[in-house]
Amino acid sequence: SQQGEEDPQALSIQEGENATMNCSYKTSINNLQWYRQNSGRGLVHLILIRSNEREKHSGRLRVTLDTSKKSSSLLITASRAADTASYFCATDASGNEKLTFGTGTRLTIIP
Amino acid sequence: NAGVTQTPKFRVLKTGQSMTLLCAQDMNHEYMYWYRQDPGMGLRLIHYSVGEGTTAKGEVPDGYNVSRLKKQNFLLGLESAAPSQTSVYFCATSERPRGGQFFGPGTRLTVL
């Protein structure tokens, strides 16, 4: 069963626009992570946000976490063609050392 | 540093054949994981290891076995391949539990 579910499943935007994708999860967590996967490649870790954090930035990425709603969002500002990829959230349920991945959001940046 | 490497990159098997996928890492990470990725299913954990000589079952362990005889290597075996095991397999490592994971490039396996 999937702990995290991303929304939307697919998103297409013009280059330069901001992209927002969301992740909802079911149980209490220690951390929530976001990963990127380019077509035919392995996943790349983007950012980790702890359950006691509400917002975190890394370059053009901004992640928010709302534990009361069991949801997180990933914002990519000033999108570039190279941002075209699938994005996955991953959560670790409290007391569990394993990650559970969502099904991903497929982001397409139109030049 | 090569990071995480996987061998082979592609493989086609016939039903009933066996094979071993090799994951190797040079980051000295304790934790290693095997996932499979199927369309629309995201990544699902098959088996994982918290250190040399240890293995544990993940979400979908049936039909697979693993071994971690050396810290840097994590092997995934299919004893009798089935078409349902057609998938892309990823190995990952992490320095600590619940930390960010580093992924290999994947192995695309087709079982006919």
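The values are calculated or read from the model by the stated rules, or taken from the named source; none is laboratory data. Since this is a predicted model, take the numbers as computed values, not measurements. No Cβ is skipped: glycine too gets one built from the backbone with ideal geometry, and neighbour counts run over all protein chains shown.
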If we take the stretch A:38-80, then strands (runs of 3 or more DSSP E) inside it with 2 or more residues that are surrounded by 13 or more Cβ atoms within 10 Å (Cβ to Cβ), more than 14 Å from chain B (Cβ to nearest Cβ) and in contact (Cβ under 8 Å) with a residue 24 or more places away in the chain are A:71-76
Out of the stretch A:95-111, which residues are assigned to a loop (DSSP other than H, G, I, E, B) and facing chain B (nearest Cβ under 10 Å)?
-> A:Asn96, A:Glu97, A:Lys98, A:Leu99, A:Gly102, A:Thr103, A:Gly104
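Results for (1) in contact with a strand residue (DSSP E or B) (Cβ under 7 Å, 6 or more places away or on another chain); (2) of a type outside the set (Ser, Thr, Tyr), shown as yes or no for each residue.
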position	(1), (2)
B:Tyr35	yes, no
B:Pro39	no, yes
B:Tyr48	yes, no
B:Val60	yes, yes
B:Gly63	yes, yes
B:Asn73	yes, yes
B:Gln85	yes, yes
B:Gly99	no, yes
Quick one: B:Gly58 ticks every box in (1) modelled with pLDDT under 95; (2) within 13 Å of the chain's Cα centre (by Cα); (3) away from chain A (no Cβ under 14 Å) except a single one, so which number is it?
-> (3)
Here the residues within the stretch A:86-106 that are on the phi > 0 side of the Ramachandran plot and either among the charged types (D, E, K, R) or modelled with pLDDT under 90 (or both) are A:Gly95
Taking the stretch B:49-61 on its own, how many of its residues are surrounded by 15 or more Cβ atoms within 10 Å (Cβ to Cβ) and either of a type in the set (Lys, Arg) or in a strand (DSSP E or B) (or both)?
-> 1
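Per-residue answers, yes or no, for (1) modelled with pLDDT under 95; (2) buried (at least 20 other Cβ atoms within 10 Å of the Cβ):
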| residue | (1), (2) |
| --- | --- |
| B:Met32 | no, yes |
| B:Leu43 | yes, yes |
| B:His47 | no, yes |
| B:Gly63 | no, no |
| B:Arg68 | no, yes |
| B:Glu79 | yes, no |
| B:Arg96 | yes, no |
| B:Gly99 | yes, no |
| B:Phe103 | no, yes |
When you go through B:Gln17, B:Gln37 one by one, which is the residue that is in contact (Cβ under 8 Å) with a residue 60 or more places away in the chain and within 11 Å of chain A (Cβ to nearest Cβ)?
-> B:Gln37
Output for the stretch A:81-97, where each listed residue is among the hydrophobic types (A, V, I, L, M, F, W, C) and in contact (Cβ under 8 Å) with a residue 60 or more places away in the chain = A:Ala81, A:Phe88, A:Cys89, A:Ala90, A:Ala93
Output the residues belonging to the stretch A:81-111 that are under 16 Å from A:Gly4 (Cβ atoms), more than 11 Å from the chain's Cα centre (by Cα), surrounded by 15 or more Cβ atoms within 10 Å (Cβ to Cβ) and not charged (D, E, K, R).
-> A:Ala93, A:Asn96, A:Leu99, A:Thr100
